[in-house]
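Participant: Take a look at this one; I'll ask things after.
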Amino acid sequence: MAVSAEYRDYLEELFQPLPGVQFRRMFGGLGVFLDGVMFGLVAHERLYFKVDDATKARFAAAGAEPFVYAGKGKPIEMSYWTAPDETLDDPDAFLAWARLGVEASRRAAAKKPAKRKPKA
């Protein structure tokens, strides 16, 4: 899942209008984070955004594809879908799709139970 330096540079430029975006190495690819929440995934030189029930159909209608990896005995589909191709050439459209990913990741984070503090 390696990501070339050139592709990372390209993505950093695309994300410049969205302040605070950070990239972190993950499993040979990259996680894309905003405010500590992962909303994007980069693998095999492709960018994926977080989707949920509110956004999945919109991504599918735009021709996006899910991130799928080989699990034990069967393929596993994750809740990250490719950025529609046309968005990579249109900064305004790109930001709109990126924000959909941010919103989906925030909704998912809000559903998670709060972490427990260790007992002293």
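Participant: Can you tell me which residue in the range 51-62 is nearest to M38 (Cα to Cα), limited to those that are without any contact (Cβ under 8 Å) to a residue 12 or more places away in the chain and outside any loop (DSSP other than H, G, I, E, B)?
Facilitator: First pass over the range 51-62, keeping only residues without any contact (Cβ under 8 Å) to a residue 12 or more places away in the chain: 53, 57, 61.
Filter again for outside any loop (DSSP other than H, G, I, E, B), leaving 57, 61.
Working: A57: 20, A61: 23 Å.
By that ranking, first place goes to A57.
Participant: Also: Suppose we filter the range 86-95 for residues that are at pLDDT 90 or above and surrounded by 14 or more Cβ atoms within 10 Å (Cβ to Cβ); how many remain?
Facilitator: 3
Participant: Of the conditions (1) aliphatic (A, V, I, L, M); (2) in a helix (DSSP H, G or I); (3) open to solvent by less than 20 Å² (accessible area, probe 1.4 Å); (4) in contact with a strand residue (DSSP E or B) (Cβ under 6 Å, 6 or more places away or on another chain), A109 clears all except one; give me its number.
Facilitator: Of everything listed in (1) aliphatic (A, V, I, L, M); (2) in a helix (DSSP H, G or I); (3) open to solvent by less than 20 Å² (accessible area, probe 1.4 Å); (4) in contact with a strand residue (DSSP E or B) (Cβ under 6 Å, 6 or more places away or on another chain), A109 misses just condition (3).
Participant: Identify, please: which residue in the range 25-57 is of a type in the set (K, R) and modelled with pLDDT of 95 or more and is, among those, surrounded by the most Cβ atoms within 10 Å (Cβ to Cβ)? It would help to see each step written out before you state the result.
Facilitator: So the first thing to find is which residues in the range 25-57 are of a type in the set (K, R), and the list is 25, 46, 50, 56.
Still in the running and modelled with pLDDT of 95 or more: 50, 56.
Values: K50: 25, K56: 15.
That would be K50.
Participant: Okay, next question. Mind checking whether some residue in the range 63-74 is open to solvent by 20 Å² or more (accessible area, probe 1.4 Å), in contact (Cβ under 8 Å) with a residue 24 or more places away in the chain and of a type in the set (A, V, I, L, M, F, W, C)?
Facilitator: Taking every residue of the range 63-74 in turn, none turns out to be open to solvent by 20 Å² or more (accessible area, probe 1.4 Å), in contact (Cβ under 8 Å) with a residue 24 or more places away in the chain and of a type in the set (A, V, I, L, M, F, W, C).
Participant: Looking only at the range 77-85, decide whether some residue is in a strand (DSSP E or B), without any contact (Cβ under 8 Å) to a residue 24 or more places away in the chain and surrounded by 11 or more Cβ atoms within 10 Å (Cβ to Cβ). Even if it seems obvious, please write down each step before you answer.
Facilitator: In the first step, residues of the range 77-85 are kept if they are in a strand (DSSP E or B); the result is 77-82.
Restricting the remaining residues to those that are without any contact (Cβ under 8 Å) to a residue 24 or more places away in the chain gives 77.
In the following step, the residues that additionally are surrounded by 11 or more Cβ atoms within 10 Å (Cβ to Cβ) were identified as 77.
Yes, some residue in the range 77-85 is in a strand (DSSP E or B), without any contact (Cβ under 8 Å) to a residue 24 or more places away in the chain and surrounded by 11 or more Cβ atoms within 10 Å (Cβ to Cβ).
The values are calculated or read from the model by the stated rules, or taken from the named source; none is laboratory data. Quick caveat, the model's predicted, so the values are computed rather than measured. Cβ sites come from the backbone with ideal geometry, for glycine too, and all protein chains shown count toward neighbours. Note: areas computed on protein heavy atoms with side chains; ligands, DNA, RNA excluded. Shrake-Rupley method; radii C 1.70, N 1.55, O 1.52, S 1.80 Å.
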